[in-house]
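Visitor: First, the structure itself, so that you have it in front of you.
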Amino acid sequence: QFPVNSVLTVAIMDKSGASEQMIGETSIDVEDRWFHPLFQKMLAESASNHKLFPIETRPLRQDGSFLTQGLLRVWFEIMNMKTHQQWPIEQLVSADPEPFQLRLVIWQVKEVMKQEGEDTIHIQVKCCWQYSAEHIEAKETDTHYGSADGLGRFNWRMIFDIQNPHPFPSIKVQLLSVNTLSVDTVAECTIDLQHDMAKAKRTKNTMANEKCWVKLTHPSAPGKVRGMVELELKILPDDDARANPVGQGREYDRDHPNTDPFCDPDDNSAPCYMVKHRNYLANTAAGQMAKDVAEGAQKFAMLSMILTTLGSAASFLVVVFMYFATR
């Protein structure tokens, strides 16, 4: 009841020793949140659409300290008695991990910032899934060479075998600039999959996010969009993934078809021209120079062969002439 009971405190305890010790706690002013217009709007939308309240991340601190002892991911449902009777309690899934598969398709990129002083950029997309504090799996697309307008197409599928639930339920997407001697991060973003993974585990069904554009920034310039990636993803129970396997990248074979969705390996449509921009020699200054040198060397070899042939013929004529001159 407000205002008597208006503050909710959640404490995380350490029970590994002989006695309990508090690791950290977080408090929320329930009354202040309840009367906030934004919360009331969110409550009405959630009730009409049967959506969960957003998950929030709150720092855990000890009393009198500003140091963070960890983070608590949680959502709060606050409602009056009338709403409580109309709103079913959300069923929580088991905390025991189960095998799932994450399928991520990188379709294309746009508005990718070129490095200062460069006319073009060689673009690659990298995605990272953190299995544990020590183990991170990274997958990369192939390279779109020589983009002058910040556009690039990939049609590239990535597959991660994951556990659900997971302590790190997010995937990092990075835009890379591939140079001769280095690979630099142009922009990045982290996609939170907590809600989708929880729903997939609860329903035992595939959760699919439709194709969409994601904005990427860089820590050196917070809030400034340095590129966008068009992607789509699916979270599948392991049984469904095994029953309907797919190939990585744009590859396929009899057991791993290129399907659901089809990632066209021959896509050379405007304005990205994917196939055209897979040729390093045709889309880089160094490659063009090497091509010119190779063509020059080929022409020089042909000219040398002609001169050698002509020289041999001339020598033969001189010998014949001298033979007849001495007779």
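Visitor: Using Cα-only point scatterers and the Debye equation, what is log10 of I(q)/I(0) for region 63-192 at each q in 0.23 Å⁻¹, rounded to two decimals?
Guide: -1.33
Visitor: Sorted by accessible area with a 1.4 angstrom probe, largest first, how do V74, V93, V229 fall? Please report the intermediate quantities before stating the final value.
Guide: On the way: V74 30, V93 55, V229 0 Å².
These residues rank, largest area first, as V93, V74, V229.
Visitor: Now for a different question. Enumerate the calculated ³J(HN,Hα) couplings along region 105-114 in order (Karplus 6.51 cos²θ - 1.76 cosθ + 1.60, θ = phi - 60°), each rounded to whole Hz, writing x wherever the residue is Gly or Pro.
Guide: Karplus values, whole Hz, x for Gly and Pro: 10, 9, 8, 7, 10, 8, 6, 6, 6, 7.
Visitor: Here's another thing I want to ask about it. If you put +1 on each Lys and Arg Cβ and -1 on each Asp and Glu Cβ, how big is the dipole of region 1-138 around its Cα centre, in Debye rounded to 20?
Guide: Values: 12 positive and 19 negative charges, 78 e Å.
Roughly 380 debye for region 1-138.
Visitor: Let me ask another. Based on the alpha-carbon gyration tensor of region 217-270 and its eigenvalue square roots a ≥ b ≥ c, which shape applies: rounded if a/c is under 1.5, prolate if not and a/b is larger than b/c, or oblate? Don't skip to the answer; put the middle values down first.
Guide: Working: a/c = 3.74, a/b = 1.70, b/c = 2.19.
It comes out oblate by the Cα gyration axes.
Visitor: Given a 1.4 Å probe and heavy atoms of the protein chains only, how would you sort H36, H122, largest accessible area at the top? If you can, show how the numbers build up before the last one.
Guide: Values: H36 90, H122 35 Å².
From most accessible down to least: H36, H122.
Visitor: What dipole magnitude, in Debye to the nearest 20, does the chain give about its Cα centre under +1 on Lys/Arg Cβ and -1 on Asp/Glu Cβ?
Guide: On the way: 33 positive and 42 negative charges, 170 e Å.
So the magnitude is around 820 debye.
Visitor: Let me ask something else. Determine how large the accessible area of S27 is when every protein chain is in place; take a 1.4 Å probe and give Å² rounded to the nearest 10.
Guide: 60
Visitor: Over all alpha-carbon pairs of region 34-102, lay out the pair-distance distribution in 10 Å bins, whole %, shortest bin first.
Guide: Percent of pairs per bin, in order: 15, 34, 30, 20, 1.
Visitor: Let me ask something additional. Whenever you get a sec, compute what percent of the accessible area on the chain sits on carbon and sulfur atoms (1.4 Å probe).
Guide: Numbers: 11440 of 20560 Å².
Its accessible area is 56 percent carbon and sulfur atoms.
Visitor: For region 1-128, what is the Kirkwood hydrodynamic radius in Å, using each pair of distinct C-alpha atoms? Present the calculation step by step, with values, prior to reporting the outcome.
Guide: On the way: mean 1/r = 0.0505 Å⁻¹.
By the Kirkwood definition, the hydrodynamic radius is 19.8 Å.
Visitor: Name the long-range amide H neighbours of V183: under 5 Å, sequence gap of 5 or more, or other chain; modelled H, no Pro or chain starts.
Guide: Counting only residues 5 or more places away or on other chains, the set is empty.
Visitor: So, one more: Could you tell me what fraction of 2.2 N^0.38 Å the Cα radius of gyration of region 1-68 comes to, as a two-decimal ratio?
Guide: Details: Rg = 15.9 Å, N = 68, 2.2 N^0.38 = 10.9 Å.
Taking N as the residue count of region 1-68, the ratio is 1.46.
Visitor: Hey, another quick one. Choose one answer from E210, E25, E98: the residue with the largest mean-square fluctuation in a GNM of the chain with alpha-carbon springs under 10 Å.
Guide: E25
Visitor: Okay, next question. Considering only F53, G64, N268, whose Cα is most displaced toward the positive end of the charge dipole of the chain, charges sitting on Cβ of Lys, Arg (+1) and Asp, Glu (-1)?
Guide: Among F53, G64, N268, the one farthest towards the positive end of the dipole of the chain is N268.
Visitor: OK, next. Which is farthest toward the positive dipole end of region 74-184 among P165, V183, V125, measuring Cα position about the Cα centre, with Cβ charges +1 (Lys, Arg) and -1 (Asp, Glu)?
Guide: P165
Visitor: Can you list which of the DSSP-assigned H helices in the chain have a Cα extent of 30 Å or more along the long axis and an average Kyte-Doolittle score of at least 1.6? Please report the intermediate quantities before stating the final value.
Guide: Numbers: long enough: 285-325 (59 Å, 1.06).
Long hydrophobic helices here: none detected.
Visitor: While we're here: Kindly provide log₁₀ I(q)/I(0) values, in the same order as q = 0.13, 0.18 Å⁻¹, from the Debye equation applied to equal alpha-carbon scatterers of region 125-283.
Guide: -0.71, -1.30
Visitor: Restrict the search to region 222-278; then list the trypsin sites (Lys or Arg not before Pro) that DSSP places in a loop and that have at most 12 other Cβ atoms within 10 Å of their Cβ. Could you put the intermediate results ahead of the total?
Guide: Values: sites: K224, R226, K234, R242, R250, R254, K276, R278; in loops: K224, R226, R250, R254.
In loop regions of region 222-278 (DSSP not H, G, I, E or B), the sparsely surrounded trypsin sites (Lys or Arg not before Pro) are K224, R254.
Visitor: Where does the chain land at 222 nm, in deg cm²/dmol rounded to the nearest 500, when only DSSP H runs of n ≥ 4 count, each adding -39500 (n - 2.57), divided by all residues?
Guide: On the way: 7 runs with 85 residues, N = 327.
Mean residue ellipticity, 222 nm, calculated: -8000 deg cm²/dmol.
Visitor: When only DSSP loop residues count, what chymotrypsin sites (Phe, Trp or Tyr not before Pro) in region 1-40 have their Cβ near at most 11 other Cβ atoms within 10 Å? Don't skip to the answer; put the middle values down first.
Guide: Details: sites: W34, F35, F39; in loops: F35.
Of the chymotrypsin sites (Phe, Trp or Tyr not before Pro), the ones in loops of region 1-40 whose Cβ has at most 11 other Cβ atoms within 10 Å are F35.
Visitor: Projecting each Cα onto the charge dipole of the chain (Lys/Arg +1, Asp/Glu -1 at the beta carbon, about the Cα centre), which of G152, L193, G223 comes out farthest on the positive side?
Guide: G152
Visitor: Continuing with the same structure: Give me the extension gain from M42 to V178: residue separation times 0.36 nm, minus the current Cα-Cα distance, reported in nm with one decimal.
Guide: Difference between extended and current length: 44.6 nm.
Visitor: Could you pull the Cα extents of region 142-230 along its three principal axes, largest to smallest, in whole Å?
Guide: 45, 28, 24
Visitor: Only four residue types carry charge here, +1 at the Cβ of Lys and Arg and -1 at the Cβ of Asp and Glu. Report the dipole size of region 174-271 about the Cα centre in Debye, rounded to the nearest 20. Could you put the intermediate results ahead of the total?
Guide: Values: 12 positive and 17 negative charges, 103 e Å.
Value, rounded to 20: 500 debye.
Visitor: Show me the three semi-axes of the equivalent ellipsoid for the chain, from the C-alpha gyration tensor (sqrt of 5 times each eigenvalue), largest first, rounded to whole Å. Kindly include the intermediate steps, with their values, before the conclusion.
Guide: On the way: eigenvalues 805, 99, 74 Å².
Taking √(5λ) for each eigenvalue gives 63, 22, 19 Å, largest first.
Visitor: Can you give me the solvent accessible area of T9 with a 1.4 Å probe, rounded to the nearest 10 Å²?
Guide: Solvent-accessible area, nearest 10 Å²: 70 Å².
The values are calculated or read from the model by the stated rules, or taken from the named source; none is laboratory data. Here the structure is a predicted model, which is why all the values come from computation and not from measurement. Cβ atoms come from the backbone with ideal geometry, glycine included; neighbour counts cover every protein chain shown. Note: areas computed on protein heavy atoms with side chains; ligands, DNA, RNA excluded. Shrake-Rupley method; radii C 1.70, N 1.55, O 1.52, S 1.80 Å.
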